[in-house]
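As structure tokens, the structure follows; a few thoughts come after it.
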Amino acid sequence: MSNTPLPPQKTVIRFNASQTGWSALSGTDLIARMPQDFDGSLNTDIATLQSAADDFGHIVHAQPIAVLRPASVADVIKMMTFAYQHNIRVSCRGNAFNTFGQSQVEAGIVIDMSSLCSVHTIAGEIAIVDAGITWRQLLLASLEHDLTPVVLTDFLGTTVGGTLSVGGFGGTTYQHGGQIDHAIELQVVTGTGELITCSATENSSLFNAVLGGLGLCGIIVRASVRLHPAPKLARTHRLHYPDLVSMLNDLRFLIRAERFSHLRGHCEAIRGKFSYFIEATSFYTAAETLPSDPYQGLKHRSSAEVVNDRTFLGYADLVVEVVAALNEAGLGGYPHPWLDLIVPDARIETLAQQVIDSINPANVLPGSPILFYPMLRSKLNRMFPPLPDDELFYGFDVLRTVPPHPGLVMNALERNRHFHELNRSLGGRLYPISAVKQSRSDWKKHFSPNWDTLLSERIKHDPGNLFGHSVGL
Ligand SMILES: Cc1cc2nc3c(=O)[nH]c(=O)nc-3n(C[C@H](O)[C@H](O)[C@H](O)COP(=O)(O)OP(=O)(O)OC[C@H]3O[C@@H](n4cnc5c(N)ncnc54)[C@H](O)[C@@H]3O)c2cc1C
């Protein structure tokens, strides 16, 4: 354990089975009873606790009593066994790139998985890794074998366990599904401290509940994920449009044409006005495989195209660079009340236009794009996250950075709530990394029609109800 002073004593209300009732123990009492022989570190210094009470959103702050940085799966088992015996809430944290406290827990224990980040094997087209590894670390390791994870999130700073718990979508999802679709086998530590291996054929109900299941049934400690041959290069065409409708029409055309490896629609405030463009990227090794007429059938502003050539890694790293630049500019610490919706194709124009009309482009801070990721139902085969029934829908991401003023944050959260409800009424779904407060009844709607299935897995694997407090479950 770190030697720094203990934080102010928090009272931890817990159910005491031996006394058949509720009792209160100070955080200090509980920490004193915690196992002391972890391979990693148990941290109770105030700086670590405060950092665990923050995330990319900088809106919600729930402070734990301790943060475990495990160095082994045994550490996670030991801590979960202790938490179960003492009925202490637990939250699992990847790199906390969510925006509304999803990886925090008030007066509980945070298990910070970023310390568990080894590559165990890369063999054939499968990587076996610790769940705290980032997709960037995994990509670098797999590139040494001329392989890449089949689907990368556009930002590589996320962890394997973190995105497998939410979905993990990117510009290649319209062809290859989500990262969850390429998880082959998981090792999960449950809410009772049991280590269970699961896959589509072994303990499949746990496997299905954990993928996209927000860490409600257990902690993914190890994952086998599918790889495929890595291209060497990436050529991106930026295609400009006068408005939303024409941009979406060409996006639909390109989805059907399957001409590009990676597709993403943009609406961005540039010099006080919204600009609409598509970034369409070919991943390739041999130039002969590039589309011979990349603009055939498209209705963009011709002769305004911008073409960029990069290495595949250079392309995959772009958002890491953007985030670093925003941090350098001092905007990283600003609130990010992000809204990430999954919107059926038939509703996207109506909903997106309303969202865009609600934002004054003159007030938009740098690094606040609105993005459209096409997704096809037939490529997405997991139970969670819940998705629309339509064949074509979009990950619609309103990625706003706002000045740290409570009124502005509140305003953005109210708007998020409004558009989330509107989207839900139109048959859409929420990507639950969003800054949207959800009640139990919201979650019930969110996970429908598989809410009961999730509940029964929770009862089985988290009978102490230790996970899920961060999301109000
Ligand atoms: C700049 C930026 C770009 C992004 N780009 C994309 C993108 O292209 N595509 C996309 O899909 N998402 C994207 N995201 C969202 C990202 O996927 C989520 O933030 C997600 O939460 C993963 O981040 P993380 O690994 O830091 O996990 P965290 O945010 O720490 O955790 C996410 C959730 O998973 C749980 N969890 C974490 N690790 C585990 C584990 N090992 N076992 C069980 N539960 C766990 C947490 O308790 C929490 O509920 C982006 C986010 C940012 C900030």
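The values are calculated or read from the model by the stated rules, or taken from the named source; none is laboratory data. This structure is a prediction, so every number in the text was calculated from the model and none was measured. Positions of Cβ are generated from backbone atoms using ideal geometry, with glycine treated the same way; all protein chains shown enter the neighbour counts.
Residue-by-condition table, conditions (1) under 17 Å from the mean Cα position of the chain (by Cα); (2) more than 19 Å from ASP317 (Cα to Cα):
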{"residue": "VAL90", "(1), (2)": "no, yes"}
{"residue": "PHE100", "(1), (2)": "yes, yes"}
{"residue": "ASP112", "(1), (2)": "yes, yes"}
{"residue": "SER118", "(1), (2)": "no, yes"}
{"residue": "PRO149", "(1), (2)": "yes, no"}
Just need a number here: residues in the range 143-158 that are near the ligand (Cβ under 6 Å from one of its atoms) and either free of Cβ contacts under 8 Å to residues at least 60 places away in the same chain or more than 24 Å from LEU376 (Cβ to Cβ) (or both). 1
The listed residue being more than 15 Å from the ligand (Cβ to nearest atom) and either buried (at least 18 other Cβ atoms within 10 Å of the Cβ) or within 19 Å of the chain's Cα centre (by Cα) (or both), out of GLN63, GLN50: GLN63
Is there a residue in the range 450-459 that is within 20 Å of the chain's Cα centre (by Cα) and at negative phi? yes
So, first residue under 30 Å from ASN327 (Cα atoms) in the range 82-102, second residue part of a strand (DSSP E or B) and near the ligand (Cβ under 6 Å from one of its atoms), Cβ within less than 7 Å, six or more apart or across chains; the pairs are CYS92/ILE219; GLY94/THR159; ASN95/THR159
In the range 284-299, is there at least one residue being at pLDDT 95 or above, assigned to a strand (DSSP E or B) and within 28 Å of the chain's Cα centre (by Cα)? yes
Kindly indicate which of LEU422, LEU413, LEU426 is away from the ligand (no atom under 16 Å from the Cβ), in contact with a Lys or Arg (Cβ under 6 Å, 6 or more places away or on another chain), within 21 Å of LEU351 (Cα to Cα) and touching a residue at least 40 places away in the same chain (Cβ under 8 Å). LEU426
Unique residue being in a loop (DSSP other than H, G, I, E, B), near the ligand (Cβ under 7 Å from one of its atoms) and buried (at least 24 other Cβ atoms within 10 Å of the Cβ) when the list is GLY161, GLY213, GLY168: GLY168
For the condition surrounded by fewer than 17 Cβ atoms within 10 Å (Cβ to Cβ) and modelled with pLDDT of 95 or more, what is the one hit in ARG310, ARG259, ARG264, ARG271? ARG310
Given the condition near the ligand (Cβ under 8 Å from one of its atoms) and surrounded by fewer than 24 Cβ atoms within 10 Å (Cβ to Cβ), answer yes or no: does some residue in the range 88-95 qualify? yes
Tell me whether the range 194-206 contains one or more residues that are within 26 Å of PRO386 (Cβ to Cβ) and buried (at least 24 other Cβ atoms within 10 Å of the Cβ). no
Search the range 304-336 for residues being aromatic (Phe, Trp, Tyr) and assigned to a helix (DSSP H, G or I), and hand back the single one that is farthest from the ligand (Cβ to nearest atom). PHE312
Enumerate the pairs (first residue in the range 213-226 and over 18 Å from HIS182 (Cβ atoms); second residue anywhere and assigned to a strand (DSSP E or B) and within 7 Å of the ligand (Cβ to nearest atom)) with beta-carbon separation below 8 Å, excluding pairs fewer than 6 apart on the same chain, so at least 6 apart or on different chains. GLY215/SER91; GLY215/CYS92; ILE219/CYS92
All conditions in (1) surrounded by fewer than 21 Cβ atoms within 10 Å (Cβ to Cβ); (2) modelled with pLDDT of 95 or more; (3) over 22 Å from ALA316 (Cα atoms) are true of ARG235 except (3)
Of (1) away from the ligand (no atom under 13 Å from the Cβ); (2) crowded, with 20+ Cβ neighbours inside 10 Å; (3) within 15 Å of CYS92 (Cα to Cα); (4) not small (Gly, Ala, Ser), ARG222 satisfies all except one. Which? (1)
Restricting the first residue to the range 286-297 and requiring it to be without any contact (Cβ under 8 Å) to a residue 12 or more places away in the chain and surrounded by fewer than 10 Cβ atoms within 10 Å (Cβ to Cβ), which pairs with a second residue that is of a type in the set (Ser, Thr, Tyr) and not in a loop (DSSP other than H, G, I, E, B) meet a Cβ separation below 8 Å and a spacing of at least six or different chains? none
Looking only at the range 238-258, which residues are farther than 16 Å from PRO374 by Cβ and touching a residue at least 60 places away in the same chain (Cβ under 8 Å)? ARG238, HIS240
Scanning the range 125-142 residue by residue, the ones that are in contact with a helix residue (DSSP H, G or I) (Cβ under 7 Å, 6 or more places away or on another chain) and more than 9 Å from the ligand (Cβ to nearest atom) total 6
